Structure formats: structure tokens, C-alpha cells
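The values are calculated or read from the model by the stated rules, or taken from the named source; none is laboratory data. Only a predicted model underlies this, so the values are computations on that prediction, with no experimental measurement involved. Cβ atoms come from the backbone with ideal geometry, glycine included; neighbour counts cover every protein chain shown. With ligands, DNA and RNA removed, areas are computed over all heavy atoms of the protein, side chains included. Shrake-Rupley method; radii C 1.70, N 1.55, O 1.52, S 1.80 Å.
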Amino acid sequence: MGDLVDSMLDLMRRLPPTHVEENVAALVGICPDYADDLLGSVDQPLKLRTDRSTGREYLACDYNRDGESYRSPWSNEYEPPLDDGTVPTPRLRQLEIKANEAFDTYREMYYEGGVSSVFLWDLDDGGFAGVVLLKKALVPTTPTEPSGSWDSIHVFEAAERGRQAHYKLTSTIMLQLVTRSNSDSPPDNGPFKKAAPEPVGSGSGARKEGEVSLSGSMTRQTEQDWPLQNQESHIANTGRMIEEMEIKMRNLLQEVYFGKTRDVVFDLRSIESLERARRQRELQKELVGFIKR
């Protein structure tokens, strides 16, 4: 069992992240007996659903799924309806309601849109765990505008130790960006004109000329102890941890991943004339030689 699940996870790490949902569905179809193990181990883009009772949107993932139904954080009901679905205890449910209100404000301040959801559940050792979900999608209004999505999944465990609480946080960010050329016609490259690529398969998987796709995921973990005054202190403590973690991961994405990608692209393709760059290097060598004299 373990070897088969490990092989499927190893395969998922080597497949394109833009097709993670299709790949997971294909593996589940091949090995349906290990569907729960695979779905619980592979992070997928968050799905947007609407609560029929309140009309509010919420996010669906493996943490609020029971069979084929998903629990709404607003009404605490499963859709499609499920009679014996798992729900938090009344005490934890009250904390879940307040946490959703708090992170809804956090989402509006940092994301200026999007959707957030918080789900809590009890643990066997007396503590509790939860997940904070955040999603922001960029929907293009014209064929040349960029599109993309940001998915944040923050899973935490809380263990009370007197007047303190110990928290374990695992944060995953999934980012997908697609940029498209502003020109409707391909550039003229002289006698070596680039032909439009042949679509692979059908549907939205076909890549258009002038389209660049950048996607991937990043996971980080941390453990911290925070003072505990009352039950609502859990919301403030986890909120600070998630805020700090998102800032660190956002800076890491911008400075390391995007910076490295930009350096690679600029090294592969020179915008300026190669002859001009060569002359500049020779001039620099001459100046260095004069300084050493």
C-alpha cells in the first residue's frame, strides 16, 4: 500500500502543476481504493462553491469534504445534504464562526477581494486542528489580459498547555499565472518565421503562441508558543502566525523564484545588441587595466 501511494505521489511531483486536478482524477480512476490517501496528500487548487442557505461563497477542499459532500462554514450544512456528516462540537463551532469573521476581514485587507474559509475539527488528544483557506483569482476580460490564481492553505494544530498554547502550522501556496501577447499577429522573424504550435489534445490544454504559463506550489512549516487568555486568543495567535508566514512566502516568491526566472530568461535572450554588449565588456576590461596600473 505504502509503495503504491509513494509511487503516485512521486509521479505527481513530476507532472505539470497546471493539470494537477486532471492527473489526480486519472490516478483515482486507476486506483480507486487509494483515493482517500491520494486526495489527502496532494494539494489541489481550491474550488469555489455557494452556500444555498445563505447565498455566500466558500471554498471546498479535502478538509471540509465528507464523501462527495462539502460542509459550508456559514451554515454548517453539507452540500449535497449529508445526514451523518462530521461537524465540530458546539463549543468549537462558535470559535469557527468567529474565526471566519476575522479572516474575512484579513482577506479584504490583504487581498482586496477573493474568498476565505475556516474549518475546525477536534483531535483525539483533546486539542483541535483547523485550516484557513484563501483564494484570489484574476479573470481576464479580454483575450490579451493575463489570468491566474493564488491559493493559500494553512493547516494548524493547537494544544493547550495551561495559560499557553502550542501551535504547529503548515502553509502551502499554489500560484498560477498566464500571460498573453498583446499582438494579434506573430512577430516577423525574417526567413526563420516561427510556426504556430500544434495543439496537443483538445480543449483548454492547447497552448497559444505568445502565451507564457508559470505555476507551482511551495510549502513551509513552523511551530510557536503563544499566551492563551481565552478561547478567542486562538484566533489572534493563529492569525499572527499566518500573517507572518504569508509575508515570508510572498517575499520568497518575488525575490527568489520570480527573480531567478527573470535572470534565466534575460540570460537566454538578449534585448540589446550582442556587439554592443561585447564592446561594453571590452571597455570595462580596459578601465580595470588602467586602474590596476
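State the number of residues belonging to the stretch 248-293 that are closer than 30 Å to Asp104 by Cβ and open to solvent by less than 70 Å² (accessible area, probe 1.4 Å). Talk me through it step by step, then tell me what you get.
Initially, the stretch 248-293 is screened for residues closer than 30 Å to Asp104 by Cβ, giving 248-255, 257-258.
With the extra rule that they be open to solvent by less than 70 Å² (accessible area, probe 1.4 Å), the set shrinks to 249, 251-253, 258.
Residues in the stretch 248-293 being closer than 30 Å to Asp104 by Cβ and open to solvent by less than 70 Å² (accessible area, probe 1.4 Å): 5 in total.
Please list, ordered by first then second residue, the pairs with beta carbon atoms under 7 Å, 6 or more apart or interchain, first in the stretch 210-236 and more than 30 Å from Arg180 (Cα to Cα), second among the hydrophobic types (A, V, I, L, M, F, W, C) and open to solvent by 40 Å² or more (accessible area, probe 1.4 Å).
As it stands, the answer is Ile235/Ala102, since those pairs meet every condition given.
Can you name the residue in the stretch 95-122 that is touching a residue at least 60 places away in the same chain (Cβ under 8 Å) and over 17 Å from Lys47 (Cα atoms) and is also surrounded by the most Cβ atoms within 10 Å (Cβ to Cβ) among such residues? Walk me through how you get there before you give the answer.
Step one: of the stretch 95-122, the residues touching a residue at least 60 places away in the same chain (Cβ under 8 Å) are 95, 98-99, 102-103, 106, 110, 115.
Going one step further and asking which of them are over 17 Å from Lys47 (Cα atoms), we end up with 95, 98-99, 102-103, 106, 110.
Details: Leu95: 19, Lys98: 14, Ala99: 24, Ala102: 18, Phe103: 22, Tyr106: 16, Tyr110: 16.
Checking each candidate, the answer is Ala99.
Looking at the stretch 247-293, which of the residues that are of a type in the set (Ser, Thr, Tyr) and in contact (Cβ under 8 Å) with a residue 24 or more places away in the chain is nearest to Met174 (Cα to Cα)?
Tyr257
Taking Leu27, is it surrounded by 12 or more Cβ atoms within 10 Å (Cβ to Cβ), without any contact (Cβ under 8 Å) to a residue 12 or more places away in the chain and out of contact with any strand residue (DSSP E or B) (no Cβ under 9 Å at 6 or more places or on another chain)? Explain how you work it out, then say what you get.
Values: surrounded by 12 or more Cβ atoms within 10 Å (Cβ to Cβ): yes; without any contact (Cβ under 8 Å) to a residue 12 or more places away in the chain: no; out of contact with any strand residue (DSSP E or B) (no Cβ under 9 Å at 6 or more places or on another chain): yes.
Criteria not met by Leu27.
Of the residues that make up the stretch 166-173, is at least one over 23 Å from the mean Cα position of the chain (by Cα) and either open to solvent by 30 Å² or more (accessible area, probe 1.4 Å) or modelled with pLDDT of 50 or more (or both)? Even if it seems obvious, please write down each step before you answer.
Initial filter on the stretch 166-173 (over 23 Å from the mean Cα position of the chain (by Cα)): 166.
Among the residues that remain, those that are also either open to solvent by 30 Å² or more (accessible area, probe 1.4 Å) or modelled with pLDDT of 50 or more (or both) are: 166.
Yes, the stretch 166-173 contains a residue that is over 23 Å from the mean Cα position of the chain (by Cα) and either open to solvent by 30 Å² or more (accessible area, probe 1.4 Å) or modelled with pLDDT of 50 or more (or both).
For the stretch 24-56, name all the residues that are at pLDDT below 90 and among the small types (Gly, Ala, Ser).
Across the stretch 24-56, the qualifying residues are Ala35, Gly40, Ser41.
Condition first: buried (at least 17 other Cβ atoms within 10 Å of the Cβ) and either at pLDDT below 95 or not β-branched (Val, Ile, Thr) (or both). Now tell me which residues in the stretch 130-146 satisfy that. Before you say what the answer is, go through the steps one by one.
Narrowing the stretch 130-146 to residues buried (at least 17 other Cβ atoms within 10 Å of the Cβ): 130-136.
If the condition is that a residue be buried (at least 17 other Cβ atoms within 10 Å of the Cβ) and either at pLDDT below 95 or not β-branched (Val, Ile, Thr) (or both), then Gly130, Leu133, Leu134, Lys135, Lys136 are the ones that fit.
Scan the stretch 23-49 for residues that are over 20 Å from Met218 (Cα atoms) and not small (Gly, Ala, Ser) and jot them down.
Leu27, Val28, Ile30, Cys31, Pro32, Asp33, Tyr34, Asp36, Asp37, Leu48, Arg49 - these are the residues of the stretch 23-49 that are over 20 Å from Met218 (Cα atoms) and not small (Gly, Ala, Ser).
Select from the stretch 197-241 the residues that are modelled with pLDDT of 85 or more, of a type in the set (Asp, Glu) and under 22 Å from the mean Cα position of the chain (by Cα) and list them in ascending order.
Result: Glu223, single match.
Counting only residues that are aliphatic (A, V, I, L, M) and either within 15 Å of Pro88 (Cβ to Cβ) or without any contact (Cβ under 8 Å) to a residue 60 or more places away in the chain (or both), how many does the stretch 138-165 have? Steps first, please.
Start the filter on the stretch 138-165 by keeping residues that are aliphatic (A, V, I, L, M), which leaves 138-139, 153, 155, 158-159, 165.
Next, from what is left, pick out any that are either within 15 Å of Pro88 (Cβ to Cβ) or without any contact (Cβ under 8 Å) to a residue 60 or more places away in the chain (or both): 138-139, 158-159.
So the answer is 4.
Just checking, how many residues over the stretch 44-55 are out of contact with any helix residue (DSSP H, G or I) (no Cβ under 6 Å at 6 or more places or on another chain) and buried (at least 16 other Cβ atoms within 10 Å of the Cβ)?
Applying the first criterion (out of contact with any helix residue (DSSP H, G or I) (no Cβ under 6 Å at 6 or more places or on another chain)) to the stretch 44-55 yields 45-55.
Retained after the next criterion (residues that are buried (at least 16 other Cβ atoms within 10 Å of the Cβ)): 45-46, 49, 51.
So the count comes out to 4.
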